[in-house]
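The values are calculated or read from the model by the stated rules, or taken from the named source; none is laboratory data. Keep in mind that what you see is a predicted model, and the values were worked out from it rather than measured. No Cβ is skipped: glycine too gets one built from the backbone with ideal geometry, and neighbour counts run over all protein chains shown.
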Amino acid sequence: MVIKRIGPVSCARITGTLYAILGLLIGAVVSLTALVGGFASRTAAGSGIATALGIGAIVAFPILYGAIGFVSTLIGAWLYNMLAGWVGGIQMDVE
C-alpha cells in the first residue's frame, strides 16, 4: 500500500482540532500558574493583572494553537502531495 495523496483540508481540520485541545490544556496550566502568582502578589494591581492573564490564556491559547496547527498541517500536506508526485509516496505494509 502506498499513500499517494493526503487531503490537505481534512488533515488540517483534524490537526487543528488536536492543537486546539493541546492549547486548552497548556492554557489551563498557564492560567493556574498566573492565578497562583496573583494570589502570592502583595498588591491588588498584581493580582488583577495575573487574573486577566490567566483568563486570557484559557481563551487565546486554544485559538492560537488551533490556527497554527491548521495552517502548518495544510502547508505540510500540500508539500507532501507535491513531493509524492515527484518521488513517490510513503510505502506501508498493512495486514
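Quick one: which residue in Ile49, Ile21, Ile58 is farther than 30 Å from Val2 by Cα, in contact with a Pro (Cβ under 8 Å, 6 or more places away or on another chain) and either among the hydrophobic types (A, V, I, L, M, F, W, C) or in contact (Cβ under 8 Å) with a residue 60 or more places away in the chain (or both)? Give the derivation first.
Values: Ile49 fails: in contact with a Pro (Cβ under 8 Å, 6 or more places away or on another chain); Ile58 fails: in contact with a Pro (Cβ under 8 Å, 6 or more places away or on another chain).
Going through Ile49, Ile21, Ile58 in turn, just one is farther than 30 Å from Val2 by Cα, in contact with a Pro (Cβ under 8 Å, 6 or more places away or on another chain) and either among the hydrophobic types (A, V, I, L, M, F, W, C) or in contact (Cβ under 8 Å) with a residue 60 or more places away in the chain (or both): Ile21.
In the stretch 41-54, of all residues being at pLDDT below 70 and assigned to a helix (DSSP H, G or I), the one that is surrounded by the most Cβ atoms within 10 Å (Cβ to Cβ) corresponds to Ser47. Here the stretch 58-84 is the region considered, the condition is being of a type in the set (Phe, Trp, Tyr) and crowded, with 16+ Cβ neighbours inside 10 Å, and the residue that is nearest to Leu25 (Cα to Cα) is Phe61. Of the listed requirements (1) under 22 Å from the mean Cα position of the chain (by Cα); (2) surrounded by 15 or more Cβ atoms within 10 Å (Cβ to Cβ); (3) not hydroxyl-bearing (Ser, Thr, Tyr), Gly37 misses just one: (1).
Restricting attention to the stretch 1-25, which residues are closer than 21 Å to Leu64 by Cβ and either crowded, with 17+ Cβ neighbours inside 10 Å or of a type in the set (Gly, Ala, Ser) (or both)? If the condition is that a residue be closer than 21 Å to Leu64 by Cβ and either crowded, with 17+ Cβ neighbours inside 10 Å or of a type in the set (Gly, Ala, Ser) (or both), then Pro8, Cys11, Ala12, Thr15, Gly16, Tyr19, Ala20, Gly23, Leu24 are the ones that fit.
With respect to Ala77, determine if the residue is modelled with pLDDT of 85 or more, assigned to a helix (DSSP H, G or I) and more than 15 Å from the chain's Cα centre (by Cα). In short, yes.
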